[in-house]
Amino acid sequence: MTIDDLLRRGSPTLSYELFPPRTPAAEDALARTMQVLAETAPDFISITYGASGTTRSTSRGVVQLLAEQHTIPPLAHLTCVDQSRAELTEIIEEYLSEGVRDFLALRGDPPRGQAHWQPHPDGLTYANELVTLLREVAHAHGVDDLTVGVAAFPAQHAMPRWRQQSTDVLKRKQDAGATFAITQVFYETSQYTAMVEDARDQGIDMPIIPEVMPIVTSRRAIRAAELTGVPTPVELVAALERAESDDAARAAGVAHASRLSRELLDAGAPGIHVITFNQHQAALELVESLGLTTR
């Protein structure tokens, strides 16, 4: 069953994002997190992919572990960053040979130390080109039950100068063969609903799953804003700074994420995609508050 099949059920999906471990200690922490999250019966788990292929082998290892030990559909990330078309084709073929049928096709951010996006000389420039390549490689190998997700950007869409471009880019991704989208981080329900409404007006009918990030420390709030370019709400930062213990800070962050998630589900979002930072406690408390662990 692909993610497309799951989204057609009509009930909200639950999914998580993990990133590949870089140290033995991180591997142990990830194993514990995966075990706990698996008990919530998620519909799928996405695994990020480092720039320049820096986590290529470990990303594949996490994908394999999910599929083999937890029987949870893995959503494999792919990016255009610093990879030729031939290298991307090889990676896609490796995943297909291992039974992976769900992909998230991203342009990707510039590697650390590189100020601006630069495509590989023999690579791809845009995410829609990666969607096309995924479809072509899969078809060449006789694989037609492929699900290809892409990114959507509600916070950027809310900026008047980016609004039309945001919709145009998402339409090109759908036309290339994308079948669903996952948003990047945002903190206002109105940004999501406005983006979805504009998308529907432009003939974009694929499901758009909102990404929710439980932020549980003021340091993480600052770092999230630096990485995403989306300011963390001042009231959340203030609540985290006022917290007198780690437990109190986590409770504040989970409460904020829970309110946003409930509003999104009430507004018709097809599911919730939870950023975990490879830690299970805040993610688990969030999905429990939404009643998604007893679906």
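The values are calculated or read from the model by the stated rules, or taken from the named source; none is laboratory data. What you are looking at is a predicted structure, and each value in this text was computed from that prediction instead of being measured. Cβ: placed from backbone, ideal geometry, glycine included. Neighbour counts: every protein chain shown.
The table that follows gives values for the structure above.
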read-out: Residue 211 being of a type in the set (D, E, K, R), at pLDDT 95 or above and under 17 Å from residue 283 (Cα atoms); value: yes
read-out: Pairs, first among the charged types (D, E, K, R) in segment 133-148, second assigned to a strand (DSSP E or B) and surrounded by 12 or more Cβ atoms within 10 Å (Cβ to Cβ), C-beta under 9 Å, six or more apart; value: 135/148
read-out: Any hit, segment 181-192, residues being over 28 Å from residue 221 (Cβ atoms) and either among the charged types (D, E, K, R) or in contact with a Gly (Cβ under 8 Å, 6 or more places away or on another chain) (or both); value: no
read-out: Among the residues listed as 216, 274, the single one being in contact (Cβ under 8 Å) with a residue 40 or more places away in the chain, more than 18 Å from the chain's Cα centre (by Cα) and either assigned to a helix (DSSP H, G or I) or within 28 Å of residue 47 (Cβ to Cβ) (or both); value: 216
read-out: Qualifying residue in segment 21-40 (condition: among the acidic types (Asp, Glu), modelled with pLDDT of 90 or more and under 19 Å from residue 150 (Cα atoms)); value: no
read-out: Identity of the residue in segment 88-128, within 17 Å of residue 176 (Cα to Cα) and polar (S, T, N, Q), that ends up modelled with the lowest pLDDT; value: 125
read-out: Conditions (1) modelled with pLDDT of 95 or more; (2) buried (at least 19 other Cβ atoms within 10 Å of the Cβ): number failed by residue 238; value: (2)
read-out: Whichever residue in segment 1-18 is in contact with a strand residue (DSSP E or B) (Cβ under 7 Å, 6 or more places away or on another chain) and in a loop (DSSP other than H, G, I, E, B) and, among such residues, is nearest to residue 182 (Cα to Cα); value: 12
read-out: Given (1) surrounded by 15 or more Cβ atoms within 10 Å (Cβ to Cβ); (2) in a helix (DSSP H, G or I); (3) modelled with pLDDT of 80 or more, index of the condition residue 45 fails; value: (2)
read-out: Some residue of segment 67-79 being in a loop (DSSP other than H, G, I, E, B) and in contact (Cβ under 8 Å) with a residue 12 or more places away in the chain; value: yes
read-out: Count of segment 94-103 residues which are surrounded by 15 or more Cβ atoms within 10 Å (Cβ to Cβ) and assigned to a helix (DSSP H, G or I); value: 2
read-out: Extreme residue, farthest from the chain's Cα centre (by Cα), among residues of segment 223-253 that are closer than 14 Å to residue 186 by Cα and of a type in the set (A, V, I, L, M, F, W, C); value: 234
